[in-house]
Amino acid sequence: MKKVLVLGCTGSIGTNTLDIVRHMPEKFQIVGLTAYTNLEKLKSLAEEFGCAYSPVSVEGTDGIRRLIDTGKPDIVLNGIAGAAGLEPSCIVLEAGIDLALANKETIVMAATLIQKLAEERKCHILPVDSEHSAIFNLIERCGAATVESVIITASGGPFRTLPGEKLAAVTVADALNHPTWNMGKKITIDSATLANKGLEVIEASRLFHIDTDRIQVVIHPQSLVHSLVRTRDGELYAQISEPDMKHPILSALTWPEVCPNYMEPFDLFDHEMTFYRPRVNDFPLLGYAYEAAKLEGSYTIAYNAANEIAVQAFIDGKADFPDISKIVRTVLDYDWTYTPENFADVFEEDKKARKSAEECL
């Protein structure tokens with residue numbers, strides 16, 4: 001039985017993780033929970049699972065350390081959204097514990113440092129994003145030496161077919177109306193702008209040590225194919241399942257096992273699968289991510305920070321939808337050639353980028 005600590009237990013990732021544990025109590029035990037704002041729900045869940053908990057908004061990262069010390073988890077699921085998830089990832093790996101990572105910003109901001117830390121502490125980073133979970137498993141099955149390139153699928157979001165000239169008039173409610181996934185506000189808007197796919201390109205490049213020239217994004221509205229790899233002989237291999245985050249979460253929690261579970265097997269009948277090229281001119285944040293990923297220094301930190309500020313401004317009614325990409329473009333045009341030498345440097349570059357983005361507003 002694996003002991004699991006869940007960071008961000010009231011979000012979509014945390015909720016799905018707890019659903020898995022409810023259905024598979026013989027495989028998993030929850031030994032700790034954290035949440036940021038929904039404290040009543042946090043207390044209720046801690047009572048249900050009979051475990052300790054920490055309201056991060058009150059105890060900060062000290063609470064996470066306490067839960068690690070007392071619960072002694074075998075694996076920690078990091079479902080915290082945004083740059084706030086980086087420090088908890090560091091804490092987990094410093095303790096020598098395997099990290100099931102749903103927080104893509106950890107890799108986008110500090111891939112080299114975080115991977116070095118995992119190597120030093122002899123623990124593993126197991127991707128939970130559906131796309132990176134698919135790539136991880138496909139590479140394991142095909143063999144890294146045989147993989148020529150990676151194809152990441154994107155739903156296209158709610159504005160996939162909306163003419164570009166109409167994007168300035170879309171509302172926050174429009175952007176949150178995702179056609180296939182039920183996610184938090186930030187990631188849902190990132191899906192609408194294709195920034196989420198841009199962050200995933202950066203993450204895939206860093207996680208799997210693949211040049212961005214070997215990473216392609218395709219629009220796949222049905223969200224059934226989560227990623228593909230092309231092997232050196234030209235063949236394509238895909239990971240296919242319903243758009244349900246429980247699949248990649250379970251894959252990370254059970255690794256290196258592949259075990260039976262309670263979810264319905266995917267049925268190929270009555271499903272349509274279509275694929276399109278992304279509209280990079282109307283959704284330029286995807287292209288900006290490729291640009292940032294190719295550059296050394298702190299460009300990916302700046303990309304993520306500027307996007308977080310711009311998305312929040314859109315949610316708050318201080319910017320319109322196209323302003324999100326304009327703010328990120330402006331910030332990326334500054335000098336971000338400095339390469340952080342430690343995590344303190346990463347947070348300092350993040351702070352500078354956020355200040356630059358706020359000045360753009």
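Worth a mention:
- A value for semi-axes √(5λ) of the Cα gyration tensor in Å was derived from the coordinates, and within the list (i) 38, 29, 20; (ii) 46, 25, 15; (iii) 29, 25, 21 it appears as (iii).
- Protein accessible area in the range 107-237, 1.4 Å probe - carbon and sulfur %: 49 percent
- Most mobile listed residue (Ala313, Ala344, Ala118) in the chain, GNM with C-alpha springs under 10 Å: Ala344
- Placing a label point 7 Å from the Cα of Leu295 along the Cα-to-Cβ direction, the residues of the range 326-351 whose backbone N falls under 11 Å from that point are 329-338.
- Within the assembled protein chains, the solvent-accessible surface assigned to Thr171 is about 60 Å², based on a 1.4 Å probe.
- Scalar couplings 3J(HN,Hα) for the range 62-77, obtained by applying the Karplus form with A = 6.51, B = -1.76, C = 1.60 to θ = phi - 60°, are 4, x, 5, 4, 4, 5, 5, 5, 7, x, 6, x, 7, 8, 10, 8 Hz; x denotes Gly and Pro.
- Ligands, DNA and RNA are left out, and with a 1.4 angstrom probe the accessible area of the chain is 45 Å² per residue.
- 15 Å cut-off, amide nitrogen to a point 7 angstrom out along Leu176 Cα→Cβ, residues in the range 1-37: 12
- Rounded to the nearest whole Hz, the Karplus-based 3J(HN,Hα) values (6.51 cos²θ - 1.76 cosθ + 1.60, θ = phi - 60°) of the range 106-122 follow the sequence 4, 7, 4, 8, 8, 4, 4, 5, 6, 6, 5, 4, 4, 5, 5, 8, 6, with x at glycine and proline.
- Surface listing: Tyr53, Tyr338 arranged by accessible area from highest to lowest gives Tyr338, Tyr53, probe 1.4 Å.
- By the helix-only formula, in which each DSSP H run with n ≥ 4 contributes -39500 (n - 2.57) and the sum is divided by residues, the chain has a 222 nm mean residue ellipticity of -14500 deg cm²/dmol.
- Note that the range 197-241, at 37 °C in a medium of 0.692 mPa s, gets a Stokes-Einstein diffusion coefficient of 283 µm²/s from its Kirkwood radius over C-alpha pairs.
- Beta bridges per DSSP with both ends in the chain, % antiparallel, nearest 5: 30 percent
The values are calculated or read from the model by the stated rules, or taken from the named source; none is laboratory data. Just so it is clear, the model here is predicted, and its values are computed rather than measured. All Cβ positions, glycine included, derive from the backbone under ideal geometry; neighbour counts span all protein chains shown. Note: areas computed on protein heavy atoms with side chains; ligands, DNA, RNA excluded. Shrake-Rupley method; radii C 1.70, N 1.55, O 1.52, S 1.80 Å.
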